[in-house]
Every structure is written in C-alpha cells, then in structure tokens.
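Notes to accompany the following structure.
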Amino acid sequence: MPTKTTYRVGEAFDGTGLVVTATYADDTTENVTGYCTFSPSVMAAGTTQVTITYETVIGWVQVFVTFPSV
C-alpha cells in the first residue's frame, strides 16, 4: 500500500511506499515496482482507485480524492 492514499483533485499519484512483487513459475520473486505503470497519474473528481499494471497483470489501490479548499 502506498504511504499516501488521500489526494486533492489535480494532485499526481505518489507511489512512495508501494512495493509490487512478481512471483514467477519457479517461485522466485522480484520487486517490479519500477517497471509498473499507474493510471490515472493525476487525480480527478470521482477517482476511487489507481490501476497498477505490470506486463499483463493488473492490480488496484484504493484512493480518496477531495476537492481543494477554497
């Protein structure tokens, strides 16, 4: 789980603290966080999750998006 899960509209996703580990058929594992893509990269109203993609595998992280204070 990333350290930051609450964002304001327009903020970029921050994956700090998130670790994505691939487990291969031979039971070896590898940290593949640096090879992942995250979508959306910028938070919008109504965003509830960030999609994490590594090669053909997809996962999700729940986020909360608020409107900036006026």
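Think of the chain as having a plus end and a minus end, set by charges on the Cβ of Lys, Arg, Asp and Glu; of Tyr35, Gly10, Thr48, Gly10 sits farthest toward the positive end of this dipole. Computing Kirkwood radius over Cα pairs in Å directly from the structure and comparing it against [x] 12.7; [y] 13.0; [z] 11.7 singles out [y]. Counting Lys and Arg as +1 and Asp and Glu as -1, what is the net charge of the other residues whose Cβ lies under 15 Å from the Cβ of Ala22? For residues surrounding Ala22, the net value is -4. Relative contact order for the chain: 33 percent, from Cα pairs under 8 Å spaced at least 6 residues apart, divided by residue count. Between Thr47 and Thr33, the simple spin-label model (points 7 angstrom out along Cα→Cβ) gives 1.9 nm. Looking at the chain, what % of its DSSP beta bridges pair antiparallel, to the nearest 5? Given both bridge residues lie in the chain, the antiparallel proportion sits at roughly 80 percent.
With R₀ set to 22 Å, the beta-carbon distance separating Met1 from Phe67 gives a calculated FRET efficiency near 0.40.
Readers should treat all values here as calculations from the given coordinates under stated rules, not as data from a laboratory. Computed from a predicted structure; not experimentally measured. As a convention, Cβ positions derive from the backbone with ideal geometry for all residues, glycine included, and neighbour counts pool all protein chains shown.
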